[in-house]
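Read the structure below first, then the notes.
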Amino acid sequence: MSTMKQQRTGQSGGSTLVYSTDGGGRMCPGCGEPVARCRCKELEKARGTPATDGIVRVSHETKGHKGKGVTVVKGMALDAAALLALSKQLKTACGTGGTVKDGTIEIQGDHRETVIAALVKLGHTVKRAGG
């Protein structure tokens, strides 16, 4: 006999099974399988790098940075480790700090020309976006 210990109600109104004696204990919130048969890591690897059109876009933004400008690099078809390595190269070339957020590289300050030159030198197709 299968018993459910607890159910969580999601934002969509449906419920997510948290524990079941039928399936072998705790349930993974990501894939819905028992933790012993969780396939979230496999699904993450299968997704791999995000699909892009092959063009890297470099722009300048001040929104969300308290008026300070940042150079944003979008459209890189790289995994997280490669993005971190590339951001380190770009930060070194510009002589400034920066970060990687949500698959984009942010470099502190207006360094569009330096970043574009560095990316072209690495063999990327680059467009200047946003004026």
The local net charge around G97, scoring Lys/Arg +1 and Asp/Glu -1 for residues other than G97 whose Cβ lies under 12 Å from its Cβ, equals +2
Interchain or sequence-distant (5+) residues whose placed amide H lies within less than 5 Å of the amide H of V56 are T125, V126, K127
Quick calc: nm separation of the 7 Å Cα→Cβ label points for C28 and T125 -> 3.6
Once D79 and T96 are pulled to full extension, the length gained, defined as 0.36 nm per residue separation minus their Cα-Cα distance, is 3.8 nm
The number of Lys pairs in segment 55-128 whose alpha carbons lie under 24 Å apart, excluding pairs fewer than 8 residues apart on one chain, is 26
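Every read-out reported here was derived from the displayed coordinates using simple, explicitly stated rules and does not represent laboratory data. Note that the coordinates shown come from a computational prediction; the quantities given were computed from them, not determined experimentally. Please note: Cβ atoms are built from the backbone with ideal geometry, for glycine as well, and neighbour counts cover all protein chains shown.
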